[in-house]
Amino acid sequence: MELFSIRSLLLFLLFVYLYFRHFLTSKTKAKTGFRAYPVLGALPDFIRNRHRFLDWTTQVLSECPTNTAEFARPGRVHGILTANAENVEHMLKTNFENYPKGQKLISLLQDFLGRGIFNADGELWKVQRKTASYEFNTKSLRNFVMENVTVEIQSRFLPILSRAASSRPKRVLDLQDILERFAFDNICKLAFNVDPGCLDGDGTAGADFMLAFEDAATLSSKRFLYALPFFWKIKKFFNVGTERRLRESTVTVHQFADEIIRSRMESKGEEAEDLLSRFIGTQECSISKDPEFLRDIVISFILAGRDTTSSALTWFFWILSSRPDVKQNMLDELRTVRARNGKGIGETFRFDELREMHYLHAALSETMRLYPPVPLDTKACLKDDILPDGTVIKKNWFMTYHTYAMGRMERLWGKDCHEFKPERWIENGVYRAESPFKFPVFHAGPRMCLGKDLAYIQMKSIAASVIERFEIVVQNKDTCPEHLLSLTLRMKGGLPVMVNANERDL
Ligand code: HEM
């Protein structure tokens, strides 16, 4: 009996060895797409490439004839990844109803985002979208954002850079961290008219809130990358490891938000122009009378505005550090706008003046083409379907469009797709927008990003004021920084820079 078991064990081990040896050393390359091992599907390759998930999947998609591939691994993870513009249009617009977020995805983010707009489908989504769309189109909200951005730039952001420029010996700053603090202060003002003062840097209560928020977002996103997709549920049940930390950080975020919502509901939010007050004042009782729902809504908005603009700007300044030609074109444009509007050096730009900056707009879009703040976006498939390129997708599969890969597809952007070329966005001196299905950086169709215009206002204001006043010297600028894949595309280790004042331009 014992002999029999030892022999079975040896046979089993031999089988496992031969199995893996066959697939790992196989010279016969898989046709295209993700290599599918029997039983394990793409799991072995997934584990090997998890740390470089975006580049690995981009490589695979670029080799597929229609830039679309099927992906499956144990744990009922089965779906399609696409970098094909026609397929994106189909899922985000033409057959929108068939591709909601879906319960699987919603449950991953539920603890942190609750029923907020980012994590809702159907009626729950519609009611938030309707209210928010109306508010986002008002001139008063735009003015509110313009005013807050200007104050934050003048009173906090520029002084930090000035101090760094005059420090001896020169201080190294983490520009990514500063931009994230900026965006966090800004979005909290917009969301509930609270200034957490994170950019002030002297450790206020807001800083705890920001850290907890950051932790909750990062830990929630880790749930997507488990080799065994249900493993986070076990950890959550036993309240251990990352799941315990997620619970703690979520409690901190909720307490902070609940306190503000409670006091604002008591004062009926009459006087303020922030989003929370606008939601409290809405006719939609399902929203205005439910503090927990209000909290979820506000948290989704903070998430939307927190890391997106800072991610885009961090990559923008990194690229700029090795492209003096692009920086010069921007400086020329800024001088022209100043001259045209009779604006003195040092005065901040108004909204209409920002709109005249076509080249800057193009350079920011070009940055996001190569480094999209939201690099992947996943939906669920409700009913069997056939995509425009002929790919079959089954009920309950996931459907991901790969924005990061799309910016690197020759089919979409031509042979120079890997080059940074703001000029590709300019026609007769004017910015020319691309189809949102080819460039789905802000999503597309009925769920298109609501904050796109506000995001450009913020990014252009910051970029213009920095470029005119400072030279940003990136440390190790010739090494491409590693990605840190949270819910957004951040730089691993931040962006260390030194700052020089641009005396001749001021
Ligand atoms: C560079 C900056 C930004 C980028 C690249 C960006 C990108 C996106 C993307 C890809 C989505 C779809 C996400 C999903 O599938 O749920 C989205 C949705 C959204 N964004 Fe943005 N966003 C940016 C800035 C902002 C800002 C500053 C705000 C608000 C102040 C905002 C508000 C929203 C909202 C409310 C939604 C949800 C729309 C819906 O589900 O109906 N975004 N954004």
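The values are calculated or read from the model by the stated rules, or taken from the named source; none is laboratory data. Because the structure is a prediction, the values reported are computed rather than measured. Neighbour counts are summed over all protein chains in view; Cβ atoms, including those assigned to glycine, are modelled from backbone coordinates with ideal geometry.
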Does the stretch 389-402 contain any residue that is surrounded by fewer than 17 Cβ atoms within 10 Å (Cβ to Cβ), without any contact (Cβ under 8 Å) to a residue 12 or more places away in the chain, acidic (Asp, Glu) and farther than 18 Å from residue 77 by Cβ? no
Counting only residues that are buried (at least 18 other Cβ atoms within 10 Å of the Cβ) and among the small types (Gly, Ala, Ser), which one in the stretch 114-125 is farthest from the ligand (Cβ to nearest atom)? 114
Residue 41 - would you say it is within 20 Å of the chain's Cα centre (by Cα), surrounded by 14 or more Cβ atoms within 10 Å (Cβ to Cβ) and at positive phi? no
So which residues in the stretch 88-146 are out of contact with any helix residue (DSSP H, G or I) (no Cβ under 6 Å at 6 or more places or on another chain), aliphatic (A, V, I, L, M) and under 25 Å from residue 214 (Cβ atoms)? 105, 120, 132
List the pairs whose first member sits in the stretch 108-123 and is free of Cβ contacts under 8 Å to residues at least 40 places away in the same chain, whose second member is of a type in the set (S, T, N, Q) and within 12 Å of the ligand (Cβ to nearest atom), and whose Cβ atoms are under 8 Å apart, counting only residues at least 6 apart or on separate chains? 110/119; 120/128
Confirm whether residue 445 is within 12 Å of the ligand (Cβ to nearest atom) and more than 29 Å from residue 343 (Cβ to Cβ). yes
Restricting attention to helices (runs of 4 or more DSSP H) lying wholly within the stretch 255-328, give those where 2 or more residues are within 16 Å of the ligand (Cβ to nearest atom) and in contact (Cβ under 8 Å) with a residue 12 or more places away in the chain. 275-280, 291-306, 308-320
Got at least one residue in the stretch 359-372 being part of a loop (DSSP other than H, G, I, E, B), surrounded by fewer than 24 Cβ atoms within 10 Å (Cβ to Cβ) and more than 16 Å from the ligand (Cβ to nearest atom)? no
When the stretch 408-433 is examined, which residues are found to be charged (D, E, K, R), in contact (Cβ under 8 Å) with a residue 24 or more places away in the chain and either in a loop (DSSP other than H, G, I, E, B) or surrounded by 22 or more Cβ atoms within 10 Å (Cβ to Cβ) (or both)? 408, 421
Among residues belonging to the stretch 375-386 that are over 21 Å from residue 441 (Cβ atoms) and of a type in the set (A, V, I, L, M), point out the one that is surrounded by the most Cβ atoms within 10 Å (Cβ to Cβ). 380
For the stretch 477-490, does any single residue satisfy the condition of being more than 20 Å from the chain's Cα centre (by Cα) and part of a strand (DSSP E or B)? no
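Can you find a residue in the stretch 175-185 that is under 19 Å from residue 302 (Cβ atoms), in a helix (DSSP H, G or I) and away from the ligand (no atom under 16 Å from the Cβ)?
yes
Table: residues versus (1) outside any loop (DSSP other than H, G, I, E, B); (2) within 23 Å of the chain's Cα centre (by Cα).
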| position | (1), (2) |
| --- | --- |
| 144 | yes, no |
| 147 | yes, no |
| 159 | yes, no |
| 165 | yes, no |
| 170 | no, no |
| 199 | yes, yes |
Look through 32, 68 and report the one residue that is buried (at least 17 other Cβ atoms within 10 Å of the Cβ), over 26 Å from residue 278 (Cβ atoms), out of contact with any Lys or Arg (no Cβ under 8 Å at 6 or more places or on another chain) and polar (S, T, N, Q). 68
So the check is Cβ under 6 Å with 6+ separation or different chains; which pairs have a first residue in the stretch 59-73 that's closer than 13 Å to residue 398 by Cβ and a second one that's at pLDDT below 95 and assigned to a loop (DSSP other than H, G, I, E, B)? 69/33; 69/34; 71/34; 71/42; 73/42
Mind checking which residues of the stretch 126-174 are surrounded by 18 or more Cβ atoms within 10 Å (Cβ to Cβ) and of a type in the set (Lys, Arg)? 156
